[in-house]
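One structure is given below, encoded as structure tokens.
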Amino acid sequence: VQLQASGGGLVQAGGSLRLSCAASGSISSINNMGWYRQAPGDRAMVAVITRGGRTNYADSVKGRFTISRDNAETVETVYLQMNNLKPEDTDVYYCNAKTPSGRDFWGQGTQVTVSS
């Protein structure tokens, strides 16, 4: 599975960004897809979505971020619509795909910077 992320950038507080991540390769093996952010010592979950469309969000982004997923035949794409961004949202965001057995695939990080 290969993951290609895009959509980061610089925005003022209160603004919006949309992250995209396209998964290709053995996409039939993917169950969950999601977005994580870099945290000291580990990556922290921001939002995840199952193949069936069930979502889960970090408390800090509930009501501001929306994750969605497009399950096409050869490419699966996961999106993260980020609204009402805050300076504390500044970080490197990573796209993730997970198989039912728990194997993780990661995309390259994309920088999100929110100025106050």
Item to check | Simple spin-label estimate for residue 83 and residue 62 in nanometres, 7 Å along Cα-Cβ | outcome: 1.7 nm
Item to check | Environment charge at residue 92 (Cβ cut-off 15 Å; Lys +1, Arg +1, Asp -1, Glu -1) | outcome: -2
Checklist entry - residue 4 to residue 50: extension gain in nm, 0.36 nm per residue of separation minus the Cα-Cα distance? => result 14.7 nm
Checklist entry - Can you give me the relative contact order of the chain as a percent, contacts being Cα pairs under 8 Å and 6 or more apart? => result 36 percent
Checklist outcome for this item: Scoring only Lys, Arg, Asp and Glu (+1, +1, -1, -1) among other residues with Cβ under 13 Å from the Cβ of residue 45 yields 0
Item to check | Solvent-accessible area per residue, Å², over the chain with all protein chains present [probe radius 1.4 Å] | outcome: 51 Å²
Checklist entry - Carbon and sulfur atoms: what percent of the 1.4 Å accessible area of the chain do they account for? => result 46 percent
Checklist entry - At a Förster distance of 22 Å, what's the computed FRET efficiency of residue 24 paired with residue 101, Cβ-Cβ distance as r, to 0.05? => result 0.65
Item to check | Net charge of Cβ neighbours under 12 Å - reference residue 19; Lys, Arg +1; Asp, Glu -1 | outcome: 0
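The values are calculated or read from the model by the stated rules, or taken from the named source; none is laboratory data. Note that the structure is predicted; figures quoted are calculated from it, not measured. As a convention, Cβ positions derive from the backbone with ideal geometry for all residues, glycine included, and neighbour counts pool all protein chains shown. These area figures cover heavy atoms from the full protein model, side chains too; ligands, DNA and RNA do not enter into them. Shrake-Rupley method; radii C 1.70, N 1.55, O 1.52, S 1.80 Å.
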